[in-house]
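What follows is a single structure, written as C-alpha coordinates, with notes after it.
The values are calculated or read from the model by the stated rules, or taken from the named source; none is laboratory data. Please read these numbers as outputs of a predicted model, since none were measured by experiment. Glycine gets a Cβ as well: all are built from the backbone with ideal geometry, and neighbour counts include every protein chain shown.
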Amino acid sequence: MNTPIGHVEQTVADILKRNVSFSVIEQTPMDQTEYLRKIIIAADQFPIVSATVRFDSKTIPRHILDDLLRKKEGIGTILQKHRVIAHRQSIVITISTDGKKITRDYEIVQNASVWFHVSEEIRLDLLYACQNC
(Lines give C-alpha, C1' and ligand atoms only; values in the text may rest on other atoms or scores of the structure.)
Protein backbone atom coordinates (compact mmCIF):
# COMPACT_ATOMS: atom_id res chain seq x y z
CA MET A 1 0.00 0.00 0.00
CA ASN A 2 2.06 2.87 -1.24
CA THR A 3 -0.50 5.53 -0.47
CA PRO A 4 0.04 9.18 0.37
CA ILE A 5 0.41 10.00 4.06
CA GLY A 6 -3.02 10.03 5.64
CA HIS A 7 -4.71 7.77 3.09
CA VAL A 8 -4.07 4.26 4.47
CA GLU A 9 -7.40 4.17 6.32
CA GLN A 10 -9.31 5.32 3.23
CA THR A 11 -7.40 2.90 0.98
CA VAL A 12 -8.36 -0.06 3.19
CA ALA A 13 -12.00 1.13 3.20
CA ASP A 14 -11.94 1.45 -0.60
CA ILE A 15 -10.48 -2.05 -1.05
CA LEU A 16 -13.06 -3.59 1.29
CA LYS A 17 -15.93 -1.37 0.10
CA ARG A 18 -16.94 -0.81 3.72
CA ASN A 19 -16.19 1.45 6.64
CA VAL A 20 -13.14 0.78 8.74
CA SER A 21 -12.26 2.09 12.17
CA PHE A 22 -9.14 3.84 13.40
CA SER A 23 -8.15 3.46 17.06
CA VAL A 24 -5.25 4.64 19.13
CA ILE A 25 -4.71 1.58 21.33
CA GLU A 26 -1.95 3.09 23.43
CA GLN A 27 0.04 6.29 23.60
CA THR A 28 2.64 6.56 26.31
CA PRO A 29 5.65 8.74 27.03
CA MET A 30 8.95 6.89 26.75
CA ASP A 31 10.86 9.72 28.42
CA GLN A 32 10.44 13.47 28.87
CA THR A 33 9.86 14.26 25.19
CA GLU A 34 9.53 10.95 23.31
CA TYR A 35 6.24 9.11 22.83
CA LEU A 36 5.19 5.68 21.63
CA ARG A 37 1.81 5.39 19.90
CA LYS A 38 0.10 2.15 18.85
CA ILE A 39 -2.79 2.20 16.40
CA ILE A 40 -5.11 -0.24 14.68
CA ILE A 41 -7.15 0.12 11.49
CA ALA A 42 -9.83 -2.55 11.62
CA ALA A 43 -12.71 -3.87 9.56
CA ASP A 44 -15.34 -5.24 11.92
CA GLN A 45 -13.21 -6.94 14.59
CA PHE A 46 -10.32 -7.76 12.23
CA PRO A 47 -7.11 -5.71 12.67
CA ILE A 48 -6.06 -5.10 9.07
CA VAL A 49 -3.27 -2.60 9.82
CA SER A 50 -1.41 -2.20 13.09
CA ALA A 51 1.35 0.29 13.62
CA THR A 52 3.74 1.52 16.25
CA VAL A 53 4.83 5.14 15.95
CA ARG A 54 7.61 6.91 17.81
CA PHE A 55 7.85 10.69 17.91
CA ASP A 56 9.67 13.39 19.83
CA SER A 57 7.68 16.39 21.01
CA LYS A 58 10.76 18.60 20.53
CA THR A 59 10.59 18.22 16.74
CA ILE A 60 6.84 18.68 16.21
CA PRO A 61 5.00 22.04 16.32
CA ARG A 62 2.82 22.49 19.40
CA HIS A 63 -0.55 22.64 17.55
CA ILE A 64 0.19 19.29 15.88
CA LEU A 65 1.43 17.78 19.14
CA ASP A 66 -1.80 18.89 20.85
CA ASP A 67 -3.83 16.95 18.25
CA LEU A 68 -1.59 13.89 18.64
CA LEU A 69 -2.02 13.90 22.40
CA ARG A 70 -5.83 13.93 22.02
CA LYS A 71 -5.48 10.42 20.47
CA LYS A 72 -8.51 10.81 18.19
CA GLU A 73 -6.97 11.00 14.71
CA GLY A 74 -4.24 9.41 12.68
CA ILE A 75 -0.99 11.18 11.99
CA GLY A 76 -1.76 11.65 8.30
CA THR A 77 -5.17 13.13 9.07
CA ILE A 78 -3.61 15.56 11.54
CA LEU A 79 -0.91 16.60 9.08
CA GLN A 80 -3.51 17.14 6.34
CA LYS A 81 -5.72 19.16 8.68
CA HIS A 82 -2.80 21.50 9.40
CA ARG A 83 -1.75 21.54 5.72
CA VAL A 84 1.67 20.11 6.49
CA ILE A 85 3.47 18.74 3.47
CA ALA A 86 5.47 15.70 4.49
CA HIS A 87 6.69 12.57 2.75
CA ARG A 88 7.25 8.95 3.65
CA GLN A 89 10.86 7.78 3.55
CA SER A 90 10.92 4.00 3.34
CA ILE A 91 13.46 2.10 5.41
CA VAL A 92 12.44 -1.52 4.78
CA ILE A 93 9.47 -3.42 3.36
CA THR A 94 9.11 -7.16 3.96
CA ILE A 95 6.56 -9.69 2.73
CA SER A 96 6.20 -12.79 4.91
CA THR A 97 7.17 -16.08 3.28
CA ASP A 98 3.56 -17.28 3.47
CA GLY A 99 2.33 -14.05 1.85
CA LYS A 100 -0.04 -13.29 4.71
CA LYS A 101 1.45 -10.00 5.84
CA ILE A 102 3.55 -7.06 4.80
CA THR A 103 5.66 -5.18 7.30
CA ARG A 104 7.19 -1.85 6.57
CA ASP A 105 9.29 0.60 8.50
CA TYR A 106 9.41 4.19 7.38
CA GLU A 107 9.87 7.75 8.55
CA ILE A 108 7.56 10.67 8.01
CA VAL A 109 9.76 13.60 7.10
CA GLN A 110 8.95 17.29 6.92
CA ASN A 111 11.56 19.76 5.61
CA ALA A 112 14.41 17.24 6.06
CA SER A 113 13.41 16.68 9.70
CA VAL A 114 12.16 13.25 10.81
CA TRP A 115 8.92 13.77 12.72
CA PHE A 116 7.75 10.15 13.05
CA HIS A 117 9.27 6.65 12.95
CA VAL A 118 6.62 4.10 11.91
CA SER A 119 6.63 0.29 12.04
CA GLU A 120 3.53 -1.06 10.33
CA GLU A 121 2.04 -4.50 9.74
CA ILE A 122 -0.58 -5.03 7.04
CA ARG A 123 -2.44 -8.34 7.38
CA LEU A 124 -3.14 -9.41 3.81
CA ASP A 125 -4.86 -12.62 4.96
CA LEU A 126 -7.41 -10.63 6.96
CA LEU A 127 -7.77 -8.07 4.18
CA TYR A 128 -8.60 -10.84 1.69
CA ALA A 129 -10.92 -12.57 4.18
CA CYS A 130 -12.83 -9.34 4.78
CA GLN A 131 -13.27 -8.82 1.04
CA ASN A 132 -15.29 -12.03 0.99
CA CYS A 133 -17.51 -11.18 3.99
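Going through the range 105-118 one residue at a time, which ones are on the phi < 0 side of the Ramachandran plot, among the polar types (S, T, N, Q) and surrounded by fewer than 16 Cβ atoms within 10 Å (Cβ to Cβ)?
Ser113
Among Ile102, Ile122, which is the only one that is surrounded by 16 or more Cβ atoms within 10 Å (Cβ to Cβ), within 22 Å of Lys17 (Cβ to Cβ) and in contact with a helix residue (DSSP H, G or I) (Cβ under 8 Å, 6 or more places away or on another chain)?
The conditions single out Ile102.
For a quick check of your reading of the model, give me the residue pairs whose first member lies in the range 112-133 and is among the β-branched types (Val, Ile, Thr), whose second is not in a helix (DSSP H, G or I), with beta-carbon atoms closer than 6 Å and at least 6 apart or on different chains.
Taking only residues 6 or more apart or on different chains, the pairs are Val114/Glu107; Val118/Ala51; Val118/Val53; Val118/Tyr106; Ile122/Val49; Ile122/Ile102.
Tally the residues that are surrounded by 13 or more Cβ atoms within 10 Å (Cβ to Cβ) and either out of contact with any Phe, Trp or Tyr (no Cβ under 9 Å at 6 or more places or on another chain) or more than 19 Å from Trp115 (Cα to Cα) (or both), restricting the search to the range 34-48.
Looking only at that region, the number is 9.
State whether one or more residues within the range 98-105 are closer than 17 Å to Leu36 by Cα, in contact (Cβ under 8 Å) with a residue 40 or more places away in the chain and not hydroxyl-bearing (Ser, Thr, Tyr).
Checking the range 98-105: not a single residue is closer than 17 Å to Leu36 by Cα, in contact (Cβ under 8 Å) with a residue 40 or more places away in the chain and not hydroxyl-bearing (Ser, Thr, Tyr).
Anything in the range 20-56 that is in contact with a helix residue (DSSP H, G or I) (Cβ under 6 Å, 6 or more places away or on another chain) and farther than 13 Å from Ile122 by Cβ? List them, or say none.
Scanning the range 20-56 gives a single hit, Phe22.
Out of everything in the range 1-19 that is more than 19 Å from Glu73 (Cα to Cα) and either modelled with pLDDT under 80 or aromatic (Phe, Trp, Tyr) (or both), what residue ends up being surrounded by the fewest Cβ atoms within 10 Å (Cβ to Cβ)?
Out of the qualifying residues, it is Asn2.
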